[in-house]
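A short write-up of the structure that comes next.
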Amino acid sequence: MIEEKGIDDQQTSDLPEDMGQTRGKSAPNAENDDVPDAGAQKMSASAVAAMRAKKDREERERKAEAEVHKLGLQAKLQHLDVGERAKQARGGDQETRMILIRDANKLVALGVLQNPKLTLHEVEMFAASRNVNEEVLREIAGNKDWIKSYTVVLALVNNPKTPVPMCLTFLPKLMTRDLRFVAKNKGVPEIIRTIAKRLSSRRSL
């Protein structure tokens, strides 16, 4: 009598040898596959550092080029006569305006304020600058549209080059906290500090 093999044994014997060997082995650990290689992590950190260094270097080069361009423009403007500089002030771009607003000749500096491309942000910077002609500050303070900006008014009051009578007219328009700051600002005339202190004290009552 012929002994029959069990179904399981027969199926096993029909499998290829290499598949038979893998049977019963555990599947690869999926968690281990997800763990990044230490070398890869180190390489990634090095790549990030290299990219940052490159970005910083490019930024420094860009600033250096901009400075060279600015110095070149400034030298070019200095070689122009008053009439040509005034013309550039009235029609030049922002970079030109930022240079000529500090021109020693007040006609040139005032020409910047007549430039149709002039922005309120530039006016705010001029109002706070101690490197501009007093006539520039007087012109800004007398412009009804510009003094609608609280930033312009505050900058003028805190600028020691702004004529005192104009500062006195602006003090009541300041917020109490700003009055207190002006009262302690030793960079402005004493009379401005005194009146600012008096106004802030009255509001505290």
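The values are calculated or read from the model by the stated rules, or taken from the named source; none is laboratory data. Model, not experiment: these values are computed from the prediction. Cβ sites come from the backbone with ideal geometry, for glycine too, and all protein chains shown count toward neighbours.
Could you please tell me which pairs satisfy a Cβ distance under 7 Å, a separation of 6+ or placement on different chains, a first residue in the range 165-182 that is within 14 Å of residue 201 (Cβ to Cβ), and a second residue that is charged (D, E, K, R) and at pLDDT below 95?
176/203
Of all residues in the range 139-171 being of a type in the set (Lys, Arg) and more than 13 Å from residue 188 (Cα to Cα), which is farthest from the chain's Cα centre (by Cα)?
First, pick out the residues of the range 139-171 that are of a type in the set (Lys, Arg): 144, 148, 161.
From what's left, more than 13 Å from residue 188 (Cα to Cα): 144, 148.
On the way: 144: 29, 148: 25 Å.
Residue satisfying both the conditions and the ranking: 144.
Could you give me the residue pairs with C-beta distances under 8 Å whose first residue belongs to the range 137-148 and is at positive phi and in contact (Cβ under 8 Å) with a residue 40 or more places away in the chain, whose second residue is of a type outside the set (Asp, Glu) and surrounded by fewer than 20 Cβ atoms within 10 Å (Cβ to Cβ) wherever it lies, and which are 6+ apart or on separate chains?
none
Can you tell me which residue is surrounded by the most Cβ atoms within 10 Å (Cβ to Cβ) among those in the range 191-205 that are over 16 Å from residue 156 (Cβ atoms) and under 34 Å from the mean Cα position of the chain (by Cα)?
Residue satisfying both the conditions and the ranking: 200.
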